[in-house]
Structure formats: structure tokens, C-alpha cells
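Presented below is the structure to which this report refers.
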Amino acid sequence: MNLLRKPGAIVVAALALALLPGAASAHDGDHPFANCAEAYAAGYANLPKGNEHYGSHLDRDGDGIGCDQPPADFKPHDDEVTADDPGEQHRDLAETGGGDTAVYLAAIGSTVLLTGGALVTSARRRRAAR
């Protein structure tokens, strides 16, 4: 079976290749902090089991509370919305786990889609010329 003669197969393959890099970089259920030092730096401590930031790797003593020994200079994360400073409200809400590679992945995906479209168009023109 010659796949280049099946425009649908080309389109499906192009879409699959375009979507795979995005799926690979999406949040895969890992916890946002690799260790308690990162959690403390972000302002999180005493994370109970069930909290979105909790991970068993953060709970060394197994008591159900992760990162339960913050340093003396620990400053808690401020989730409060204040009317005094609307510019500082919840800036962390847009963090989706995307990195600096998102632009490159989008460019590669677009290239794959355009190449697939060009192949489909070329195959159709060859068939029409026969």
C-alpha cells in the first residue's frame, strides 16, 4: 500500500507528529517541586497529603505532611488578592509547565503540517495530470 497516495493518511500522520511534541512536554502528573528546598524557595511548606503540591518524596518522615521543617528565613507564599496592588495578583496562575522549547515545538509542528499539506497537494496534482 502506497501511503503517499492516501491524502487522509498523510494528514493524520502530520497531525500526529505535530501533536506529539506538545503532549510530551505537557504536565505529566509530576509534582512541581523536586525537593523541599524548591518548595521553600517558592513559599510552600507544611504540605498536607492531598494538596496539589504534596509528593511522597517531600515527606521524608512519612507523617503525611511534606516539607514540614522550613528554614528560619522562610517566607510563605501569598495567595491573597489585595485591592492595593492589582498588578501583582496571581501571576503564578498562568504557569502551565511549558518551557523555552514551546516556540521551537510549535515551529516544528507547523513545518510538519505544511510539509504534509504540500505532499497532499503534490499528489493530487500528479493524479490530475495523468
The condition of being under 30 Å from ALA9 (Cβ atoms), surrounded by 11 or more Cβ atoms within 10 Å (Cβ to Cβ), modelled with pLDDT of 75 or more and touching a Leu at 6+ places or on another chain (Cβ under 6 Å) holds, among VAL120, VAL112, only for VAL112
Taking the range 61-74 and the residues there that are in a loop (DSSP other than H, G, I, E, B) and within 14 Å of ALA39 (Cα to Cα), the one that is least open to solvent (accessible area, probe 1.4 Å) would be CYS67
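The values are calculated or read from the model by the stated rules, or taken from the named source; none is laboratory data. Everything quoted here is computed from the prediction, not taken from an experiment. No Cβ is skipped: glycine too gets one built from the backbone with ideal geometry, and neighbour counts run over all protein chains shown. These area figures cover heavy atoms from the full protein model, side chains too; ligands, DNA and RNA do not enter into them. Shrake-Rupley method; radii C 1.70, N 1.55, O 1.52, S 1.80 Å.
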